[in-house]
Structures are given as structure tokens and as C-alpha cells.
Amino acid sequence: MRAAVCTESKFTVADLPTPTPGPGQVLINVSRCGICGSDLHARTHADEMADLAVATGYDHFMRADQSVVLGHEFSGEIVDYGPGCRKRWSTGTRVVALPIVRHDKHPHLVGLSTAAPGGYAEQVVVQESMTLPVPNGLSAEHAALTEPMAVAWHAVRKGRVGKNQNAFVIGCGPIGLAVISMLKAAGVRTVIASDFSPRRRELAAVCGADVVVDPASESPWSAAPAKGRINGVTDILSLGFDTMEKLRRIPNAPWWYVFRLAHTLNAGPSGPVIFECVGVPGIIDQILTAAPPLSRVVVVGVCMETDRFQPAMAINKEIELRFALGYDPGEFRDTLHMLADGKVDPAPLITGTVGLDGIDHAFTALGNPEQHAKILIDPSSTAIAP
């Protein structure tokens with residue numbers, strides 16, 4: 001098969017042996033494969049990412065001097081099964097799969113390990129237990145976005161955004177756009193998106209953002225609806241005074257039970273939920289400094305450098321800070337069906353398609369936010385420019 005092989009940050013299209021599915025594995029023909037931000041990082045920061053993976057307990061992440069077939073956002077068609085499979089679907093069935101396989105009980109990340117070549121190729125091996133048929137005639141292009149949209153869905157779930165809460169998305173690259181789409185699919189009424197790029201702001205609006213802000217000229221925090229907004233710690237203290245004055249008007253009432261009930265129901269005052277989708281040093285600190293009190297910050301952007309922020313700032317505002325990575329099989333399945341049922345439209349994210357010979361050009365094009373958001377690879381295409 002033909003595949004794009006990355007070695008020392010350089011791509012070469014080569015003829016490789018046809019992959020052989022092992023026990024419990026499936027061979028699929030790749031229809032489409034997305035280029036992920038993780039791929040961009042892995043191409044130039046493989047060793048740093050590998051060191052980080054080792055520190056967190058995963059020993060098989062690719063190194064810069066290794067030859068690896070990238071690609072973990074793919075859709076395709078079943079070609080063959082390995083031994084021990086249940087053979088749930090017939091040859092030619094259109095599928096997607098979680099990008100993880102297991103060899104001798106050791107998990108490997110597809111497209112990010114030499115032991116698990118990815119979807120920048122005509123064929124890829126996946127795990128049968130992690131494979132899902134594509135429902136409702138969903139296109140190969142949209143099915144390939146199941147993986148990045150599942151990342152966004154996991155982040156939105158981790159944010160636990162109430163429908164009446166304001167949600168801020170800081171950074172409208174591919175993951176920020178996906179988060180916007182998933183927030184609207186979850187029924188969140190007000191989504192405020194912020195990005196310096198005019199093109200990304202345009203895409204954010206198409207994805208459903210209710211308010212779109214250029215942070216060079218307007219603060220996203222002041223762009224939120226004013227009703228019920230907590231602007232500072234003084235507002236929280238005033239709320240405490242107002243609440244106690246009302247409760248104390250009732251003679252001999254055990255007012256503390258009202259607080260206990262509010263604690264049980266998690267019904268106290270709350271700020272917005274903020275999704276950090278930039279992933280560069282300094283952004284977390286900027287958000288903690290400017291965000292309203294009682295905010296919940298979900299960090300989705302991947303920063304590969306050491307960063308700094310002031311814990312006292314977050315403490316004084318009682319801000320929650322959460323970090324999101326990946327998804328579980330249930331979230332992946334639910335995302336696929338949200339796409340297939342038309343609850344989420346990933347079309348605005350797709351801005352170009354290339355063949356295997358165009359991957360190097362695609363990586364260069366993705367460096368310009370005014371040009372592209374998500375570029376797909378079609379292994380059967382001869383297109384060089386996205």
C-alpha cells in the first residue's frame with residue numbers, strides 16, 4: 001500500500017507492505033483521514049511528547065528518529081479480519097474506529113506509534129471491539145470527523161455547562177470550532193467565541209456561536225449578556241447580604257437549611273464555563289485574571305511548553321480549573337450518532353482535501369489560520385494543494 005511516512009519531521013510517500021490484522025483486529029481501506037493538531041505537534045515535537053507520555057505511563061509514543069505513519073481521525077471500509085474476530089460486519093461496510101489497538105495486551109495509539117501505523121495511508125489496522133459501523137448514510141468526510149468532535153464532546157461534558165450558563169470559547173481553531181458546535185448541540189443558549197483571526201471568527205459564527213468577539217478590540221467578558229452576570233467578588237458578597245436579609249425576615253426560621261439544600265442541589269451562584277482552546281503559554285493566566293468569579297475553566301488546548309499562572313488569583317475568585325484529553329468509547333459512539341442524526345454539522349470545519357502527495361503542503365497551509373481549519377486526506381486523490 002501507499003503511505004506517507006514521517007521521519008525527522010519530513011514526509012515521504014512510500015510503498016509499504018499491506019498491513020496484517022492480528023487477533024481481534026480489522027483491516028480497513030481508508031476513505032478519509034483528518035490532519036489533527038496533535039499530528040502537527042508530533043511532527044515537530046515528537047521527542048518532547050514522548051518524554052511526557054513516558055512520565056504519565058505510556059512508553060510507546062513515537063520518537064523523531066522513527067519512521068511513523070501518522071493519522072488517527074479516519075473513516076473507511078472493512079477489507080479483512082484477523083484471527084479470533086467475531087466478524088460482525090461484512091466486507092465493504094463503512095466504519096470508524098477509536099484509534100487504539102492492542103498487541104500482546106499492550107495498548108498502542110494508532111498514528112502515534114511505530115507499532116500502530118495510522119490513516120495517512122491506503123489501509124489501516126484497527127481493533128474490532130473499538131470499531132463502529134457508520135449509520136444513516138453519513139458521508140466519509142463527516143464520519144472522519146468523529147474523532148475530533150468526540151474530543152470536543154468530552155470537553156463539553158467535563159465542563160458541565162448548564163443550558164442557561166454562558167459558555168466562552170477562547171480560540172477558534174479546529175478544536176474551538178468543534179467545542180462551539182457541541183455546546184450548541186447540548187442546548188447551551190449563549191456561546192461567546194473569541195479569536196484574533198477574521199476567518200476563524202467567521203467559522204465560529206457558522207458553527208453556532210451567538211456572540212463572536214475580536215479580542216484585539218473588545219473583551220469577550222463584557223460581550224456576555226449582562227443579566228445575572230457576576231462581575232466581581234463584591235457581587236458575591238452583596239448576594240450573601242441580600243440572601244441573609246430575606247431569610248432573616250422569617251421569624252425563627254432555620255435559614256441554614258436553605259443553604260444546605262442549595263449545597264446538596266449545587267444550586268448556588270455560579271459563573272460561566274470557559275473553554276481554553278489556544279494552547280500557548282500565558283493564556284491560562286490571562287483567563288484566570290480576567291474571568292468572572294466562580295468560573296469553571298476547561299483547558300482543551302495543548303500547550304507543549306512550561307506555563308505559569310497565579311494560584312492566588314484563582315483562589316480569590318474560587319475558579320475551577322479542569323483539563324480535558326480524549327474521550328471514552330461511549331462518547332465516541334454518541335458523537336458518531338450525533339453527526340449521523342444531523343444534530344451536529346461538521347461541514348464548516350472542513351476547508352480542504354489532499355492526496356497522500358499533498359500532506360506536506362497541507363501541513364504548511366494549516367499554519368495560516370486565515371486559510372484552513374481542517375484538511376482531510378483522501379488516499380485515492382492526486383490533489384497536492386488543499
One residue from Cys36, Cys85 being touching a residue at least 60 places away in the same chain (Cβ under 8 Å), in contact with a Pro (Cβ under 9 Å, 6 or more places away or on another chain), open to solvent by less than 30 Å² (accessible area, probe 1.4 Å) and more than 29 Å from Leu349 (Cβ to Cβ): Cys85
Name the one entry in Val96, Val134, Val191 that is touching a helix residue (DSSP H, G or I) at 6+ places or on another chain (Cβ under 6 Å) and without any contact (Cβ under 8 Å) to a residue 40 or more places away in the chain. Val191
Would you mind stating whether Ile274 is in a strand (DSSP E or B) and either surrounded by 22 or more Cβ atoms within 10 Å (Cβ to Cβ) or among the basic types (Lys, Arg) (or both)? yes
Quick test for you: out of Thr56, Thr93, Thr114, pick the one residue that is modelled with pLDDT under 95 and either over 20 Å from the mean Cα position of the chain (by Cα) or more than 25 Å from Pro174 (Cα to Cα) (or both). Thr56
State all residues of the stretch 335-350 that are surrounded by 18 or more Cβ atoms within 10 Å (Cβ to Cβ) and more than 16 Å from Phe74 (Cβ to Cβ); if no residue qualifies, say none. Met338, Ala340, Val344, Pro348
So if I check each of Pro281, Pro215, Pro225, which one is free of Cβ contacts under 8 Å to residues at least 60 places away in the same chain and under 19 Å from Gln165 (Cα atoms)? Pro225
In the set Phe363, Phe309, the lone residue that is under 30 Å from Ser31 (Cβ atoms), under 24 Å from the mean Cα position of the chain (by Cα), surrounded by 14 or more Cβ atoms within 10 Å (Cβ to Cβ) and among the aromatic types (Phe, Trp, Tyr) is Phe363
List the number of the failed condition for Val30; all other conditions in (1) touching a residue at least 40 places away in the same chain (Cβ under 8 Å); (2) more than 26 Å from Asp378 (Cα to Cα); (3) touching a Phe, Trp or Tyr at 6+ places or on another chain (Cβ under 7 Å); (4) of a type outside the set (D, E, K, R) hold. (2)
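Per-residue answers, yes or no, for (1) out of contact with any helix residue (DSSP H, G or I) (no Cβ under 8 Å at 6 or more places or on another chain); (2) not in a loop (DSSP other than H, G, I, E, B):
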site: Gly326; (1), (2): no, no
site: Phe332; (1), (2): no, yes
site: Met338; (1), (2): no, yes
site: Asp357; (1), (2): yes, yes
Among strands (runs of 3 or more DSSP E) entirely within the stretch 157-218, at least 2 residues that are within 15 Å of the chain's Cα centre (by Cα) and surrounded by 24 or more Cβ atoms within 10 Å (Cβ to Cβ) occur in 166-170
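The values are calculated or read from the model by the stated rules, or taken from the named source; none is laboratory data. Predicted model, so just to flag it, every value in this text is computed and none were measured. Cβ sites come from the backbone with ideal geometry, for glycine too, and all protein chains shown count toward neighbours. Calculation scope for accessible area: heavy atoms of the full protein, side chains included, ligands and nucleic acids excluded. Shrake-Rupley method; radii C 1.70, N 1.55, O 1.52, S 1.80 Å.
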